[in-house]
Amino acid sequence: MKGTAKSDLFRELPAVDELLHAPEVARLAAETGTAAVTDAARAVLARLRQEIASGLLDGPALQIALRGLRGAIEEQLRQALRYSLRPVINATGVILHTNLGRAPLAEAALAHVRETAGYYSNLEFEIEAGVRGKRDVHVERLFQRLLADGETRAEFSAGHRPAGQPGAPPPQHAKSGRAGDPGAVPTRTQVSTIVVNNNAAAVLLALNTLAEGGEVIVSRGELVEIGGSFRIPDVMAKSGAILREVGTTNRTRIADYEKAIHERTRLLLRVHRSNFEITGFTEHASGAELVELARKRGLPLMEDLGSGALVDLESLGVSGEPSVLDSLRAGVDIVTYSGDKLLGGPQAGLISGRADLVGRMRANSLFRALRVDKLTYAALEATLLAYIKRDHDAIPVLKMMRLTRDKIGTRAEALAGQVQSTKMKAEVSDGESVIGGGAAPSAVLPTRLVALSCEGLSADELAAHLRASDPPIIARVEEGRVLLDLRTVLREQDEMIAVALDRIAR
Ligand SMILES: *Cc1c(COP(=O)(O)O)cnc(C)c1O
(Lines give C-alpha, C1' and ligand atoms only; values in the text may rest on other atoms or scores of the structure.)
Protein backbone atom coordinates (compact mmCIF):
# COMPACT_ATOMS: atom_id res chain seq x y z
CA MET A 1 0.00 0.00 0.00
CA LYS A 2 2.71 2.39 1.07
CA GLY A 3 4.83 1.58 -1.99
CA THR A 4 2.00 2.50 -4.32
CA ALA A 5 1.48 5.74 -2.51
CA LYS A 6 5.15 6.61 -2.98
CA SER A 7 5.12 5.90 -6.71
CA ASP A 8 2.03 8.14 -6.97
CA LEU A 9 3.96 10.87 -5.22
CA PHE A 10 6.91 10.50 -7.59
CA ARG A 11 4.51 11.03 -10.49
CA GLU A 12 3.48 14.37 -9.02
CA LEU A 13 7.00 15.72 -9.55
CA PRO A 14 7.34 17.79 -12.71
CA ALA A 15 9.99 16.95 -15.32
CA VAL A 16 12.95 19.33 -15.45
CA ASP A 17 11.93 20.59 -18.91
CA GLU A 18 8.40 21.23 -17.79
CA LEU A 19 9.67 23.11 -14.80
CA LEU A 20 11.99 25.28 -16.90
CA HIS A 21 9.06 26.32 -19.05
CA ALA A 22 6.95 27.44 -16.11
CA PRO A 23 6.82 31.25 -16.44
CA GLU A 24 8.40 32.15 -13.09
CA VAL A 25 11.29 29.70 -13.55
CA ALA A 26 11.75 30.80 -17.16
CA ARG A 27 12.13 34.36 -15.88
CA LEU A 28 14.80 33.18 -13.44
CA ALA A 29 16.61 31.46 -16.34
CA ALA A 30 16.52 34.67 -18.34
CA GLU A 31 18.20 36.48 -15.43
CA THR A 32 20.84 33.96 -14.38
CA GLY A 33 21.29 31.73 -17.43
CA THR A 34 19.59 28.46 -18.37
CA ALA A 35 22.49 26.20 -17.41
CA ALA A 36 22.66 27.33 -13.80
CA VAL A 37 18.87 27.24 -13.38
CA THR A 38 18.67 23.75 -14.94
CA ASP A 39 21.29 22.50 -12.47
CA ALA A 40 19.45 24.10 -9.58
CA ALA A 41 16.08 22.63 -10.72
CA ARG A 42 17.65 19.18 -11.01
CA ALA A 43 19.13 19.44 -7.54
CA VAL A 44 15.83 20.53 -6.01
CA LEU A 45 13.87 17.73 -7.75
CA ALA A 46 16.50 15.16 -6.71
CA ARG A 47 16.13 16.30 -3.12
CA LEU A 48 12.34 15.96 -3.27
CA ARG A 49 12.69 12.47 -4.76
CA GLN A 50 15.06 11.57 -1.96
CA GLU A 51 12.64 12.89 0.64
CA ILE A 52 9.74 10.93 -0.86
CA ALA A 53 11.83 7.75 -0.97
CA SER A 54 12.83 8.09 2.65
CA GLY A 55 9.22 8.70 3.67
CA LEU A 56 9.89 12.27 4.80
CA LEU A 57 7.27 13.74 2.44
CA ASP A 58 3.66 12.55 2.36
CA GLY A 59 0.96 13.79 0.00
CA PRO A 60 0.06 17.07 1.74
CA ALA A 61 3.69 17.90 2.52
CA LEU A 62 4.61 17.33 -1.12
CA GLN A 63 1.89 19.75 -2.24
CA ILE A 64 3.37 22.42 0.00
CA ALA A 65 6.87 21.69 -1.34
CA LEU A 66 5.63 21.91 -4.95
CA ARG A 67 4.07 25.29 -4.31
CA GLY A 68 7.44 26.49 -3.02
CA LEU A 69 9.45 25.13 -5.96
CA ARG A 70 10.44 28.49 -7.36
CA GLY A 71 11.72 29.65 -3.97
CA ALA A 72 13.62 26.39 -3.51
CA ILE A 73 15.26 26.76 -6.93
CA GLU A 74 16.21 30.33 -6.14
CA GLU A 75 17.74 29.31 -2.84
CA GLN A 76 19.60 26.46 -4.55
CA LEU A 77 20.91 28.94 -7.13
CA ARG A 78 22.02 31.34 -4.44
CA GLN A 79 23.98 28.57 -2.70
CA ALA A 80 25.52 27.35 -5.96
CA LEU A 81 26.61 30.82 -7.07
CA ARG A 82 27.92 31.80 -3.67
CA TYR A 83 31.66 32.01 -3.08
CA SER A 84 33.19 28.99 -1.45
CA LEU A 85 35.81 31.16 0.26
CA ARG A 86 33.87 33.33 2.67
CA PRO A 87 34.59 35.67 5.57
CA VAL A 88 33.93 34.15 8.99
CA ILE A 89 33.87 35.65 12.46
CA ASN A 90 36.73 34.27 14.52
CA ALA A 91 35.47 34.11 18.10
CA THR A 92 38.01 31.47 19.13
CA GLY A 93 40.50 33.91 20.63
CA VAL A 94 43.29 32.29 18.59
CA ILE A 95 44.81 35.32 16.91
CA LEU A 96 46.79 33.55 14.18
CA HIS A 97 44.38 30.75 13.33
CA THR A 98 45.85 28.93 10.34
CA ASN A 99 42.53 27.30 9.41
CA LEU A 100 40.85 30.71 9.46
CA GLY A 101 43.43 32.37 7.22
CA ARG A 102 45.90 33.68 9.81
CA ALA A 103 46.36 37.47 9.78
CA PRO A 104 43.57 39.77 8.56
CA LEU A 105 45.18 42.62 6.62
CA ALA A 106 45.45 46.27 7.57
CA GLU A 107 43.11 48.72 5.81
CA ALA A 108 46.05 50.34 4.03
CA ALA A 109 47.15 46.92 2.76
CA LEU A 110 43.67 46.24 1.35
CA ALA A 111 43.62 49.61 -0.40
CA HIS A 112 47.09 49.10 -1.84
CA VAL A 113 46.18 45.59 -3.05
CA ARG A 114 43.11 47.01 -4.70
CA GLU A 115 44.90 49.71 -6.65
CA THR A 116 47.76 47.41 -7.58
CA ALA A 117 45.35 44.69 -8.73
CA GLY A 118 43.06 46.90 -10.76
CA TYR A 119 45.70 48.85 -12.66
CA TYR A 120 49.06 48.27 -14.30
CA SER A 121 51.95 48.95 -11.94
CA ASN A 122 55.70 49.43 -11.90
CA LEU A 123 56.13 45.90 -10.51
CA GLU A 124 59.30 45.34 -12.54
CA PHE A 125 59.80 48.73 -14.11
CA GLU A 126 61.98 51.68 -13.19
CA ILE A 127 59.75 54.61 -13.94
CA GLU A 128 62.46 57.31 -14.11
CA ALA A 129 64.90 55.41 -16.29
CA GLY A 130 62.17 53.67 -18.28
CA VAL A 131 63.93 50.35 -18.01
CA ARG A 132 63.18 46.95 -16.61
CA GLY A 133 63.44 46.76 -12.82
CA LYS A 134 63.26 44.20 -10.04
CA ARG A 135 60.17 43.36 -8.06
CA ASP A 136 62.09 43.04 -4.77
CA VAL A 137 62.88 46.74 -4.58
CA HIS A 138 59.40 47.64 -3.39
CA VAL A 139 59.88 46.01 0.00
CA GLU A 140 63.66 45.71 0.22
CA ARG A 141 64.10 49.37 1.23
CA LEU A 142 61.52 48.98 4.00
CA PHE A 143 63.05 45.80 5.38
CA GLN A 144 66.43 47.53 5.36
CA ARG A 145 65.04 50.30 7.49
CA LEU A 146 63.26 47.96 9.87
CA LEU A 147 66.07 45.46 10.26
CA ALA A 148 69.30 47.36 10.01
CA ASP A 149 68.58 50.82 11.23
CA GLY A 150 70.27 51.23 14.57
CA GLU A 151 67.79 53.95 15.45
CA THR A 152 64.73 51.84 14.85
CA ARG A 153 63.93 50.12 18.06
CA ALA A 154 61.76 47.07 17.95
CA GLU A 155 59.55 48.21 20.80
CA PHE A 156 55.89 48.86 20.38
CA SER A 157 54.77 52.39 19.86
CA ALA A 158 53.05 53.93 22.86
CA GLY A 159 49.88 54.23 20.83
CA HIS A 160 48.74 55.90 17.68
CA ARG A 161 51.21 58.30 16.19
CA PRO A 162 50.99 60.58 13.24
CA ALA A 163 52.45 59.24 10.02
CA GLY A 164 56.22 59.13 10.21
CA GLN A 165 58.67 59.95 7.50
CA PRO A 166 59.68 56.79 5.74
CA GLY A 167 62.12 58.72 3.58
CA ALA A 168 64.21 60.15 6.43
CA PRO A 169 67.95 59.62 6.05
CA PRO A 170 69.48 56.75 8.02
CA PRO A 171 71.95 57.38 10.83
CA GLN A 172 75.53 56.58 9.88
CA HIS A 173 77.08 53.45 11.29
CA ALA A 174 80.67 53.84 12.31
CA LYS A 175 81.79 50.31 11.63
CA SER A 176 80.79 47.43 9.48
CA GLY A 177 79.50 45.44 12.42
CA ARG A 178 80.31 41.90 11.33
CA ALA A 179 83.42 39.71 11.18
CA GLY A 180 84.21 38.50 14.64
CA ASP A 181 81.93 40.98 16.33
CA PRO A 182 78.87 38.91 17.25
CA GLY A 183 77.07 41.61 19.17
CA ALA A 184 77.11 44.21 16.43
CA VAL A 185 74.13 45.37 14.43
CA PRO A 186 74.63 44.63 10.74
CA THR A 187 74.58 47.86 8.79
CA ARG A 188 71.82 48.62 6.34
CA THR A 189 73.87 47.73 3.30
CA GLN A 190 74.51 44.29 4.67
CA VAL A 191 71.01 43.08 5.51
CA SER A 192 69.06 42.02 2.49
CA THR A 193 65.58 40.49 2.27
CA ILE A 194 63.78 38.48 -0.39
CA VAL A 195 60.18 37.34 -0.50
CA VAL A 196 58.84 33.92 -1.50
CA ASN A 197 55.47 32.22 -1.28
CA ASN A 198 55.57 31.14 2.38
CA ASN A 199 58.06 30.30 5.09
CA ALA A 200 58.18 26.66 4.01
CA ALA A 201 59.38 27.90 0.61
CA ALA A 202 61.84 30.25 2.32
CA VAL A 203 63.41 27.36 4.24
CA LEU A 204 63.51 25.23 1.08
CA LEU A 205 65.19 27.96 -0.96
CA ALA A 206 67.69 28.82 1.76
CA LEU A 207 68.69 25.20 2.37
CA ASN A 208 68.94 24.43 -1.34
CA THR A 209 71.08 27.50 -1.98
CA LEU A 210 73.38 27.19 0.99
CA ALA A 211 73.66 23.43 1.47
CA GLU A 212 72.64 21.35 -1.55
CA GLY A 213 74.80 18.23 -1.60
CA GLY A 214 76.31 19.08 1.77
CA GLU A 215 75.32 18.62 5.40
CA VAL A 216 73.22 20.79 7.67
CA ILE A 217 73.58 20.35 11.41
CA VAL A 218 70.35 20.50 13.43
CA SER A 219 69.56 19.60 17.02
CA ARG A 220 67.29 16.58 17.51
CA GLY A 221 65.21 18.79 19.77
CA GLU A 222 64.36 21.01 16.79
CA LEU A 223 63.25 18.49 14.16
CA VAL A 224 59.80 19.97 14.28
CA GLU A 225 56.59 19.50 12.43
CA ILE A 226 54.53 22.66 12.01
CA GLY A 227 50.82 22.31 11.27
CA GLY A 228 49.93 21.64 7.66
CA SER A 229 52.70 19.04 7.23
CA PHE A 230 55.80 21.19 7.25
CA ARG A 231 58.48 18.86 8.60
CA ILE A 232 62.06 19.99 8.82
CA PRO A 233 63.51 16.57 7.77
CA ASP A 234 61.22 16.42 4.71
CA VAL A 235 61.98 19.97 3.57
CA MET A 236 65.66 19.21 4.11
CA ALA A 237 65.43 16.13 1.87
CA LYS A 238 63.65 18.10 -0.87
CA SER A 239 66.31 20.81 -0.74
CA GLY A 240 69.01 18.28 -1.55
CA ALA A 241 70.81 18.93 1.73
CA ILE A 242 71.70 16.14 4.12
CA LEU A 243 70.34 16.40 7.62
CA ARG A 244 72.96 15.82 10.30
CA GLU A 245 71.13 15.40 13.61
CA VAL A 246 72.98 16.11 16.82
CA GLY A 247 72.18 15.86 20.52
CA THR A 248 69.00 14.38 21.92
CA THR A 249 65.40 15.49 22.06
CA ASN A 250 65.83 17.30 25.36
CA ARG A 251 69.55 18.12 25.46
CA THR A 252 71.89 19.43 22.81
CA ARG A 253 75.17 21.09 23.78
CA ILE A 254 77.36 23.30 21.65
CA ALA A 255 79.99 20.54 21.76
CA ASP A 256 77.54 18.25 19.94
CA TYR A 257 77.46 20.70 17.03
CA GLU A 258 81.19 21.16 17.11
CA LYS A 259 81.90 17.42 16.94
CA ALA A 260 79.60 17.00 13.94
CA ILE A 261 81.34 19.63 11.79
CA HIS A 262 83.54 18.30 9.00
CA GLU A 263 84.45 19.21 5.43
CA ARG A 264 81.00 18.50 4.01
CA THR A 265 79.23 20.70 6.55
CA ARG A 266 77.62 23.71 4.87
CA LEU A 267 75.31 25.22 7.44
CA LEU A 268 74.27 25.29 11.09
CA LEU A 269 70.49 25.45 11.42
CA ARG A 270 68.44 26.47 14.38
CA VAL A 271 64.66 25.97 14.23
CA HIS A 272 62.36 27.89 16.50
CA ARG A 273 60.14 25.54 18.49
CA SER A 274 57.06 27.39 17.42
CA ASN A 275 54.30 25.14 18.56
CA PHE A 276 55.64 23.20 21.51
CA GLU A 277 57.95 23.46 24.46
CA ILE A 278 60.40 21.03 25.95
CA THR A 279 60.49 21.40 29.70
CA GLY A 280 62.16 19.53 32.55
CA PHE A 281 65.66 18.14 32.15
CA THR A 282 66.70 20.23 29.18
CA GLU A 283 69.68 21.98 27.74
CA HIS A 284 70.29 23.62 24.44
CA ALA A 285 73.11 25.58 22.91
CA SER A 286 72.55 29.30 23.27
CA GLY A 287 72.29 31.60 20.29
CA ALA A 288 75.56 33.27 21.28
CA GLU A 289 77.37 29.92 21.42
CA LEU A 290 76.08 28.99 17.97
CA VAL A 291 77.08 32.36 16.52
CA GLU A 292 80.56 31.98 17.98
CA LEU A 293 80.94 28.44 16.65
CA ALA A 294 79.69 29.42 13.19
CA ARG A 295 82.17 32.32 13.04
CA LYS A 296 85.04 30.17 14.28
CA ARG A 297 84.43 27.49 11.66
CA GLY A 298 83.49 29.86 8.84
CA LEU A 299 79.98 28.43 8.46
CA PRO A 300 76.76 30.35 8.01
CA LEU A 301 74.17 30.11 10.79
CA MET A 302 70.54 30.09 9.77
CA GLU A 303 67.52 30.38 12.02
CA ASP A 304 64.01 29.35 11.00
CA LEU A 305 62.11 31.70 13.25
CA GLY A 306 58.68 30.77 11.96
CA SER A 307 56.63 33.61 13.31
CA GLY A 308 59.24 36.32 13.06
CA ALA A 309 57.96 39.30 15.01
CA LEU A 310 59.10 42.73 13.90
CA VAL A 311 58.37 44.17 17.32
CA ASP A 312 59.38 43.11 20.80
CA LEU A 313 56.55 41.17 22.41
CA GLU A 314 58.00 41.20 25.93
CA SER A 315 55.95 44.30 26.72
CA LEU A 316 52.82 42.21 26.21
CA GLY A 317 54.07 39.56 28.58
CA VAL A 318 54.91 37.25 25.69
CA SER A 319 58.40 35.87 26.17
CA GLY A 320 60.46 33.38 24.21
CA GLU A 321 59.48 34.87 20.86
CA PRO A 322 62.63 36.55 19.56
CA SER A 323 62.14 39.25 16.97
CA VAL A 324 63.83 39.13 13.59
CA LEU A 325 65.98 42.06 14.64
CA ASP A 326 67.04 40.24 17.83
CA SER A 327 68.24 37.29 15.80
CA LEU A 328 70.13 39.40 13.28
CA ARG A 329 71.66 41.48 16.03
CA ALA A 330 72.78 38.34 17.80
CA GLY A 331 74.75 37.49 14.67
CA VAL A 332 72.51 34.95 12.91
CA ASP A 333 73.37 35.12 9.20
CA ILE A 334 70.03 34.15 7.68
CA VAL A 335 66.57 34.34 9.26
CA THR A 336 63.44 32.85 7.69
CA TYR A 337 59.92 33.79 8.81
CA SER A 338 56.30 34.05 7.70
CA GLY A 339 54.54 37.13 6.39
CA ASP A 340 51.16 36.20 7.85
CA LYS A 341 52.07 35.24 11.40
CA LEU A 342 53.25 37.83 13.93
CA LEU A 343 54.22 40.22 11.16
CA GLY A 344 50.52 40.56 10.41
CA GLY A 345 50.76 40.79 6.63
CA PRO A 346 49.95 38.58 3.64
CA GLN A 347 51.03 34.97 3.25
CA ALA A 348 54.71 35.11 2.35
CA GLY A 349 58.06 33.71 3.32
CA LEU A 350 60.76 36.22 4.18
CA ILE A 351 64.47 35.57 4.07
CA SER A 352 66.52 38.29 5.75
CA GLY A 353 70.22 38.39 6.42
CA ARG A 354 73.70 38.67 4.96
CA ALA A 355 73.47 40.29 1.55
CA ASP A 356 75.98 37.92 -0.07
CA LEU A 357 74.01 34.85 1.00
CA VAL A 358 70.63 36.35 0.13
CA GLY A 359 72.09 37.36 -3.23
CA ARG A 360 72.92 33.72 -3.94
CA MET A 361 69.34 32.76 -3.11
CA ARG A 362 68.01 35.44 -5.45
CA ALA A 363 70.17 33.99 -8.24
CA ASN A 364 68.89 30.44 -7.62
CA SER A 365 66.39 29.38 -10.29
CA LEU A 366 64.22 27.97 -7.52
CA PHE A 367 63.59 31.60 -6.45
CA ARG A 368 61.81 32.24 -9.75
CA ALA A 369 59.52 29.30 -9.06
CA LEU A 370 58.75 30.42 -5.52
CA ARG A 371 58.36 34.16 -6.09
CA VAL A 372 55.22 36.05 -5.11
CA ASP A 373 52.84 38.15 -7.14
CA LYS A 374 52.17 41.88 -7.15
CA LEU A 375 49.27 41.54 -4.72
CA THR A 376 51.53 40.07 -2.07
CA TYR A 377 54.09 42.82 -2.62
CA ALA A 378 51.37 45.43 -2.33
CA ALA A 379 49.99 44.03 0.92
CA LEU A 380 53.45 43.53 2.35
CA GLU A 381 54.63 47.01 1.40
CA ALA A 382 51.63 48.63 3.10
CA THR A 383 52.05 46.48 6.22
CA LEU A 384 55.75 47.31 6.50
CA LEU A 385 55.00 51.01 6.06
CA ALA A 386 52.71 50.82 9.09
CA TYR A 387 55.70 49.52 11.08
CA ILE A 388 57.88 52.31 9.77
CA LYS A 389 55.29 54.88 10.77
CA ARG A 390 55.08 53.03 14.11
CA ASP A 391 51.35 52.81 13.59
CA HIS A 392 51.18 49.34 15.12
CA ASP A 393 47.47 49.50 15.86
CA ALA A 394 46.81 49.71 12.12
CA ILE A 395 47.94 46.08 11.89
CA PRO A 396 44.99 43.98 13.05
CA VAL A 397 46.90 41.14 14.73
CA LEU A 398 49.08 43.56 16.69
CA LYS A 399 46.03 45.51 17.73
CA MET A 400 44.32 42.30 18.87
CA MET A 401 47.38 41.32 20.88
CA ARG A 402 47.36 44.68 22.59
CA LEU A 403 43.67 44.67 23.56
CA THR A 404 43.41 44.68 27.33
CA ARG A 405 41.31 42.28 29.35
CA ASP A 406 39.20 45.24 30.50
CA LYS A 407 38.47 46.48 26.99
CA ILE A 408 37.42 43.01 25.90
CA GLY A 409 35.42 42.67 29.13
CA THR A 410 33.38 45.79 28.36
CA ARG A 411 32.46 44.45 24.93
CA ALA A 412 31.71 40.99 26.36
CA GLU A 413 29.36 42.49 28.98
CA ALA A 414 27.61 44.52 26.28
CA LEU A 415 27.13 41.43 24.13
CA ALA A 416 25.91 39.31 27.04
CA GLY A 417 23.51 42.10 27.98
CA GLN A 418 21.95 41.97 24.53
CA VAL A 419 20.91 38.34 24.99
CA GLN A 420 17.30 38.85 26.04
CA SER A 421 15.81 35.42 25.47
CA THR A 422 14.89 33.32 28.46
CA LYS A 423 16.16 30.26 26.59
CA MET A 424 19.69 31.50 26.13
CA LYS A 425 22.12 32.30 28.91
CA ALA A 426 25.24 34.39 28.45
CA GLU A 427 27.78 34.77 31.25
CA VAL A 428 31.05 36.66 31.19
CA SER A 429 34.06 35.05 32.80
CA ASP A 430 37.87 35.19 32.82
CA GLY A 431 39.78 33.23 30.24
CA GLU A 432 42.82 33.19 28.02
CA SER A 433 43.47 34.02 24.37
CA VAL A 434 46.38 32.43 22.53
CA ILE A 435 48.56 33.82 19.77
CA GLY A 436 48.53 30.65 17.66
CA GLY A 437 50.07 30.19 14.23
CA GLY A 438 52.96 28.41 15.83
CA ALA A 439 54.03 31.38 17.89
CA ALA A 440 54.91 31.46 21.57
CA PRO A 441 53.31 28.10 22.38
CA SER A 442 52.86 28.75 26.07
CA ALA A 443 52.07 32.44 25.93
CA VAL A 444 48.52 33.37 26.75
CA LEU A 445 46.83 36.73 26.98
CA PRO A 446 44.24 37.34 29.70
CA THR A 447 40.77 37.90 28.29
CA ARG A 448 37.08 37.92 29.18
CA LEU A 449 34.89 35.25 27.60
CA VAL A 450 31.17 35.08 26.89
CA ALA A 451 30.01 31.61 27.93
CA LEU A 452 26.79 30.61 26.16
CA SER A 453 24.20 27.96 26.81
CA CYS A 454 20.83 27.48 25.17
CA GLU A 455 17.91 25.42 26.41
CA GLY A 456 17.32 22.35 24.28
CA LEU A 457 20.71 22.57 22.57
CA SER A 458 23.93 20.81 23.48
CA ALA A 459 27.14 22.87 23.33
CA ASP A 460 28.09 21.19 20.05
CA GLU A 461 24.64 21.90 18.59
CA LEU A 462 24.82 25.53 19.67
CA ALA A 463 28.29 25.84 18.11
CA ALA A 464 26.89 24.31 14.89
CA HIS A 465 24.07 26.91 14.87
CA LEU A 466 26.69 29.65 15.24
CA ARG A 467 28.62 28.21 12.30
CA ALA A 468 25.42 28.13 10.25
CA SER A 469 24.98 31.89 10.74
CA ASP A 470 25.84 34.29 7.97
CA PRO A 471 28.70 35.13 8.32
CA PRO A 472 29.58 31.91 10.13
CA ILE A 473 30.68 32.43 13.74
CA ILE A 474 33.44 30.10 14.89
CA ALA A 475 33.43 29.61 18.67
CA ARG A 476 35.36 27.49 21.15
CA VAL A 477 33.66 24.54 22.84
CA GLU A 478 35.20 23.70 26.19
CA GLU A 479 33.91 21.44 28.93
CA GLY A 480 30.42 21.42 27.51
CA ARG A 481 30.26 25.21 27.12
CA VAL A 482 30.35 27.44 24.08
CA LEU A 483 32.84 30.24 24.58
CA LEU A 484 33.20 33.44 22.59
CA ASP A 485 36.44 35.42 22.87
CA LEU A 486 35.94 38.88 21.42
CA ARG A 487 39.69 39.56 21.22
CA THR A 488 39.73 38.14 17.69
CA VAL A 489 36.33 39.54 16.73
CA LEU A 490 36.54 42.80 14.80
CA ARG A 491 34.68 45.60 16.55
CA GLU A 492 31.99 45.89 13.87
CA GLN A 493 31.25 42.17 14.16
CA ASP A 494 29.99 42.32 17.77
CA GLU A 495 26.60 43.42 16.50
CA MET A 496 26.45 40.58 13.96
CA ILE A 497 27.03 38.10 16.79
CA ALA A 498 24.24 39.70 18.85
CA VAL A 499 21.84 39.37 15.91
CA ALA A 500 22.83 35.73 15.34
CA LEU A 501 22.34 34.87 19.02
CA ASP A 502 18.92 36.45 18.95
CA ARG A 503 17.96 34.41 15.91
CA ILE A 504 19.25 31.15 17.41
CA ALA A 505 17.43 31.72 20.70
CA ARG A 506 14.11 31.99 18.87
C1 LIG B 1 54.91 28.39 10.64
C2 LIG B 1 56.29 27.87 10.53
C3 LIG B 1 56.78 27.41 9.32
C4 LIG B 1 55.93 27.38 8.09
O5 LIG B 1 55.63 28.67 7.67
P6 LIG B 1 54.50 28.92 6.52
O7 LIG B 1 54.56 30.38 6.28
O8 LIG B 1 53.23 28.42 7.07
O9 LIG B 1 54.95 28.13 5.34
C10 LIG B 1 58.07 26.95 9.28
N11 LIG B 1 58.86 26.94 10.37
C12 LIG B 1 58.43 27.38 11.56
C13 LIG B 1 59.35 27.34 12.75
C14 LIG B 1 57.13 27.88 11.69
O15 LIG B 1 56.68 28.31 12.87
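The values are calculated or read from the model by the stated rules, or taken from the named source; none is laboratory data. This structure is a prediction, so every number in the text was calculated from the model and none was measured. Cβ sites come from the backbone with ideal geometry, for glycine too, and all protein chains shown count toward neighbours. Surface accessibility is based on the protein's heavy atoms, side chains included, excluding ligands, DNA and RNA. Shrake-Rupley method; radii C 1.70, N 1.55, O 1.52, S 1.80 Å.
The C-alpha atoms of the chain define a longest principal axis, and helix 34-53 lies at about 70 degrees to it.
Which whole-number value in Å² is the accessible area per residue of the stretch 201-353, probe 1.4 Å?
Working: 5580 Å² over 153 residues.
With all protein chains present, the stretch 201-353 gives 36 Å² per residue.
With +1 on each Lys and Arg Cβ and -1 on each Asp and Glu Cβ, how big is the dipole of the stretch 2-81 about its Cα centre, in debye rounded to the nearest 20? Can you show the working numbers first?
On the way: 10 positive and 11 negative charges, 39 e Å.
It works out to roughly 180 debye.
Computed on the Cα atoms alone, the convex hull of the chain gives a volume of 218 cubic angstrom per residue.
Measure up K259/K296; K399/K423; K341/K399; K238/K296; K134/K374 against 23 Å on the Cα-Cα distance and list the ones that go over. Beyond 23 Å: K399/K423; K238/K296.
Loop-only trypsin sites (Lys or Arg not before Pro) in the stretch 77-135, please: DSSP not H, G, I, E or B, and at most 10 other Cβ atoms within 10 Å.
Values: sites: R78, R82, R102, R114, R132, K134, R135; in loops: R82, R102, K134, R135.
Here the trypsin sites (Lys or Arg not before Pro) that fit, given the DSSP loop and packing criteria, are R82.
Straight-line reach from K425: taking Cα to Cα under 29 Å and skipping same-chain neighbours fewer than 8 places apart, the lysines in range are K407. The stretch 2-81 gives an Rg/Rh value of 0.99, both radii derived from C-alpha positions and Rh following Kirkwood.
For Q76, what is the net charge nearby, where nearby means another residue's Cβ is under 13 Å from its Cβ and Lys, Arg count +1, Asp, Glu -1?
Net charge in that neighbourhood comes out at +2.
For the chain, what's the relative contact order in percent, using C-alpha pairs closer than 8 Å and at least 6 residues apart? Dividing the mean separation by the residue count of the chain yields 20 percent. Just to confirm the number: angle between the C-alpha axis of helix 199-211 and the first principal axis of the chain, 0 to 90 degrees, nearest 10? It works out to around 30 degrees. When only Cα pairs below 8 angstrom with a gap of at least 6 residues are kept, the stretch 238-339 shows a relative contact order of 26 percent.
Which of rounded, prolate or oblate describes the stretch 60-131 when judged by the alpha-carbon gyration tensor and an a/c cut-off of 1.5? Walk me through the numbers on the way to the answer.
Details: a/c = 5.53, a/b = 2.05, b/c = 2.70.
Oblate, because a/c is 1.5 or more while a/b does not exceed b/c.
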